[in-house]
Every structure is written in C-alpha cells, then in structure tokens.
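This report concerns only the one structure given below.
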Amino acid sequence: MYTIKATYTGLVPMMMDRYYELTKGEKPGRKISQKGKDAEVHLKLHCDDKGVFVPADNIRMMLIGNQMRPGAAKILGSYVEKGKGTEYVQMCESSIWVIGPMNPLKCYVQPGRITYDDIDERSFPTMKGKGVSRKIARRPLINLPWSVSFIVQVTDDQIHESKIRELFDLAGLRCGICAYGPTFGRCVVTQWEVEPKPTGSERNRTDAKGAEQNPK
C-alpha cells in the first residue's frame with residue numbers, strides 16, 4: 001500500500017446538490033419567499049461547523065462513475081484506450097480509496113467558506129399529466145478560486161502511480177467535482193506527492209524496531 005497527497009484546483013465554479021428530505025408539512029413546488037429559497041439552497045450545500053466541504057467519497061466516485069454518468073475509469077478504459085473499461089472500474093473499486101486530510105470523510109474547500117458564494121437557477125421540463133410543464137432548480141455555487149486537498153490510498157502495490165495520476169487528471173477535466181460536471185466542478189491536479197514506499201532494508205529495520213518495543 002502507498003499513499004498520495006493530492007490537490008484539485010478549480011477551473012470553473014463548483015455546483016453542489018446534496019440530497020435532502022423535505023420535512024413534514026413541506027410541499028415541493030410551493031411558492032416560497034426569498035428567505036425560504038435561500039434556506040432551501042443551503043440545504044443542498046455540503047457544510048458543517050468547520051465550513052464547506054466535498055465528501056471524500058464524491059472524489060472517489062469521479063473515478064468509478066454510476067449509471068447516470070461514466071467515471072474516469074470507464075472513459076479511460078473504453079474511450080481513450082480500448083477493452084479495459086471493466087478492468088479499470090474494478091481496479092478503482094477494490095484498490096483506490098480517498099480520505100480527507102483532517103476528517104477521513106470530508107475534504108474542506110479552500111479558501112475556507114461557511115456558506116455558498118452564488119446560486120445557479122435554471123428551469124427544466126417535467127411531465128404533468130399528459131402535458132409538459134417546467135420547474136425551477138436552485139443550487140449553490142462555489143466560485144473561483146477554490147481548491148480541494150485529499151489523500152489517495154492505493155492498496156495494490158502493483159498499480160503504478162502514473163496510472164493513478166492519469167485517472168485523476170482525466171476525472172478532473174471530464175467528470176468534475178460534485179454536481180453537473182464537467183460544466184461545473186472542472187479542475188486540474190496541482191499537487192501530487194507520492195509517499196515513498198519503504199525499501200526491503202527499511203522494512204526490516206522497522207520490523208526489528210517494533211519487535212524490540214514489543215518483546216514477547
């Protein structure tokens with residue numbers, strides 16, 4: 001196993017769209033005041049008492065993807081290269097993990113923020129009976145400049161870090177962080193520090209030291 005300290009730096013604003021459940025008595029689509037609209041937008045933001053963050057698993061899923069949007073593994077293995085999409089997806093699912101530097105589950109946005117910077121408001125068509133109507137979606141935006149630092153854990157030493165870097169480069173440009181990527185959340189890798197793996201002699205010294213400290 002080896003680790004990589006990495007940072008994504010944004011090229012465009014980042015959109016967030018955290019899922020939340022309506023509380024009892026609330027009705028979707030009802031007319032609400034501006035204050036109510038702002039409160040609704042804030043519910044879609046990933047935020048705690050330390051500030052705005054990106055869930056660490058969100059960054060990992062940029063590689064794996066889902067049924068709605070292919071991840072970097074599928075794009076690299078099936079579109080850039082050929083016949084390796086399933087192999088790369090399985091590699092990411094089993095051997096590549098992302099954690100936050102301070103909290104394993106959260107990667108805080110820098111410069112630090114306590115709320116969103118702007119609101120994206122756009123309408124979209126929806127079926128209503130036999131006709132088509134439109135609804136308005138409001139989502140929080142994090143404007144430039146922004147960056148997100150994280151730690152990549154690679155549990156299979158047979159995977160070279162250059163392949164990991166290729167996946168994360170592609171994920172930033174063609175998938176994007178959080179919602180509506182890569183229109184929003186598009187980013188580039190600006191930090192990539194591979195923690196050196198211990199050599200055989202270093203590993204032996206570490207094992208010997210541990211045996212001295214914990215004699216049987």
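The simple spin-label model puts a point 7 Å past each Cα toward its Cβ; for TYR19 and ALA137 those points are separated by 1.4 nm.
Cross-linked pairs LYS44/LYS106; LYS44/LYS135; LYS50/LYS135; LYS5/LYS74; LYS82/LYS163: Cα-Cα separations exceed 27 Å for LYS50/LYS135.
Taken along the Cα-to-beta-carbon direction at a fixed 7 Å, the label points for LYS82 and MET102 span 4.9 nm.
Extents of the range 2-211, largest first, come to 69, 42, 32 Å (Cα atoms, principal axes, whole angstrom). Peptide packing: for 99-111, 141-153, 75-87, the average count of neighbouring Cβ atoms within 10 Å per residue gives the ranking 141-153, 99-111, 75-87, highest mean first.
Cβ-to-Cβ counts within 10 Å put MET14, MET68, MET127 in ascending order as MET68, MET127, MET14, the fewest first. Measuring nothing but how far apart in sequence close Cα pairs (under 8 Å, 6+ apart) lie, relative to its length, the range 36-140 scores a relative contact order of 29 percent.
Only counting other Cβ atoms within 10 Å, I'd like ILE159, ILE177 sorted with the fewest neighbours first.
On the way: ILE159 16, ILE177 26.
Fewest to most other Cβ atoms nearby, the residues stand as ILE159, ILE177.
A short reminder: the numbers here are calculations on the coordinates, not readings from a lab. Remember, predicted model here, so these are calculated numbers, not experimental data. Cβ coordinates were reconstructed from backbone atoms using ideal geometry, including for glycine residues, and neighbour counts include every protein chain displayed.
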